[in-house]
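The values are calculated or read from the model by the stated rules, or taken from the named source; none is laboratory data. Computed from a prediction, not measured in an experiment: that's the story for all the values here. Cβ atoms come from the backbone with ideal geometry, glycine included; neighbour counts cover every protein chain shown.
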Amino acid sequence: MPKTPNLSVEIGGLILKNPVITASGTFGYGNELNQLINLSSLGAIIVKGLSLEPMPGNPPPRIVETPCGILNSIGLANVGIKAFIKEKLPALHKIKTPIIANIYGHSMSEYAKITKIIEDTEKIAALEVNISCPNVEKGGMAFGTDSYTAAKVTEHVKKNTTKPVIVKLTPNVTDITSIAVAVESAGAQALSVTNTILGMAVDVPTRKPKLANIIGGLSGPAIKPLALYLVYKVANRVKIPVIGLGGIMNYEDALEFLIVGATAIQIGTATFVNPKTAIEVVDGLHNYCLRKKIHTINQITGSLKEYGESNEKS
């Protein structure tokens, strides 16, 4: 009988039973889909981005379908960290999978304050730091577009927590690797690559933008080739684990990200199309490893071959 493959991975000291994680902003607060899928079968759940105080987000319309993807301009609407811990998190206490809080702030002090609150919350296993939001101290420039500010945010979070810190990078920069190296040096224990790509859509009959905020973040299969390339670049520059995301719709997509260097992956937009996608990707990876007689999923990470190299052992 074939040996059951080991799908477990380690992210900054956090052991996940498999490399499949739900992406922030696409899985609600973690319990909205608990009647459709077994949440405990996932590697981890990253909840909707959380701020220090409640945020109403942008005015509607704030989501629009595009060829092979969606544009969203939700504006990071959320109930705030305190309400999440009090009202949302209790429903996840019986879930046997790590809960990761995605956090964001508009100043260094906000990041630090949110981190301190989470540090005392046992059920939250790790933090994913969103550095794509505007920095009010720097005139609205996103924290993640500058190596210095990206590193400073990371330092502020790190010194206020003992939990693993994952930094989510923005693709809207000239050189993502310089940002990656900076936050790694500042103490990040893993990186999520990549966030949405800025875009817009226009309604021709009215000549108005389809989003009230004009611009939004593009996600879905349309960005997969770019996301894959960015994961490949970053994974070859840093020593810490890289979590790949961007247009993953099935286990074959997930394998591509693992092969170019990702340790784990996140499922985002695909959940809107099929809420069971993440579980199907877990099953797909398991069956692939069985077929190929791969004993551990880590054997796939970074296994990209040079063009023309023999496939006899694959």
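Tell me yes or no: at least one residue of the stretch 14-37 is acidic (D, E) and more than 22 Å from I259 (Cβ to Cβ). Checked the stretch 14-37: at least one residue is acidic (D, E) and more than 22 Å from I259 (Cβ to Cβ).
Scanning the stretch 43-60 for residues that are surrounded by 15 or more Cβ atoms within 10 Å (Cβ to Cβ) and within 21 Å of L198 (Cβ to Cβ) yields K48, G49, S51, M55, N58. Filtered by the rule that a residue be in contact (Cβ under 8 Å) with a residue 60 or more places away in the chain and over 19 Å from G247 (Cα atoms), the stretch 282-301 gives H286, C289, L290, K293, I294, H295, T296, I297, N298. Of everything in the stretch 271-281 that is more than 11 Å from I21 (Cα to Cα) and touching a residue at least 40 places away in the same chain (Cβ under 8 Å), the residue that is nearest to the chain's Cα centre (by Cα) is T271. Here E87 meets each of (1) surrounded by fewer than 14 Cβ atoms within 10 Å (Cβ to Cβ); (2) without any contact (Cβ under 8 Å) to a residue 60 or more places away in the chain; (3) under 20 Å from the mean Cα position of the chain (by Cα) with one exception, condition (3). In the stretch 268-280, the count of residues that are over 19 Å from C68 (Cα atoms) and of a type in the set (A, V, I, L, M, F, W, C) is one or more. The single condition among (1) among the hydroxyl-bearing types (S, T, Y); (2) surrounded by fewer than 20 Cβ atoms within 10 Å (Cβ to Cβ); (3) at pLDDT below 95 that S132 does not meet is (2). Considering the stretch 65-104 alone, what residues qualify as being closer than 19 Å to A126 by Cβ, touching a helix residue (DSSP H, G or I) at 6+ places or on another chain (Cβ under 8 Å) and among the polar types (S, T, N, Q)? Hits for the stretch 65-104 are N78, T97. Against the test of being out of contact with any His (no Cβ under 7 Å at 6 or more places or on another chain) and modelled with pLDDT under 95, the options G43, G30, G69, G80 yield a single qualifying residue, G30.
Say we look at the stretch 135-148 and pick out the residues that are more than 13 Å from V173 (Cα to Cα), in a helix (DSSP H, G or I) and not basic (K, R); which of these is modelled with the highest pLDDT? Among those that are more than 13 Å from V173 (Cα to Cα), in a helix (DSSP H, G or I) and not basic (K, R), it is Y148. Residues of the stretch 240-254 that are within 23 Å of V165 (Cα to Cα) and out of contact with any helix residue (DSSP H, G or I) (no Cβ under 7 Å at 6 or more places or on another chain): P241, I243. Of the candidates G144, G187, the single residue that is among the small types (G, A, S) and at positive phi is G187. Applying a threshold of 9 Å to beta carbon distances and a minimum spacing of six or more residues, or different chains, the list of pairs starting in the stretch 156-170 at a residue that is in a loop (DSSP other than H, G, I, E, B) and ending at one that is among the basic types (K, R) reads N160/K113; N160/K116; T161/K116.
If I filter the stretch 282-294 down to residues being within 18 Å of S40 (Cβ to Cβ) and more than 18 Å from the chain's Cα centre (by Cα), which single residue comes out as surrounded by the most Cβ atoms within 10 Å (Cβ to Cβ)? Break it down into steps so the answer makes sense when it comes.
Taking the stretch 282-294 first, the residues within 18 Å of S40 (Cβ to Cβ) are 282-283, 285-286.
Still in the list and also more than 18 Å from the chain's Cα centre (by Cα): 283, 285-286.
Numbers: D283: 14, L285: 24, H286: 16.
Filtering the stretch 282-294 for residues that are within 18 Å of S40 (Cβ to Cβ) and more than 18 Å from the chain's Cα centre (by Cα), the one surrounded by the most Cβ atoms within 10 Å (Cβ to Cβ) comes out as L285.
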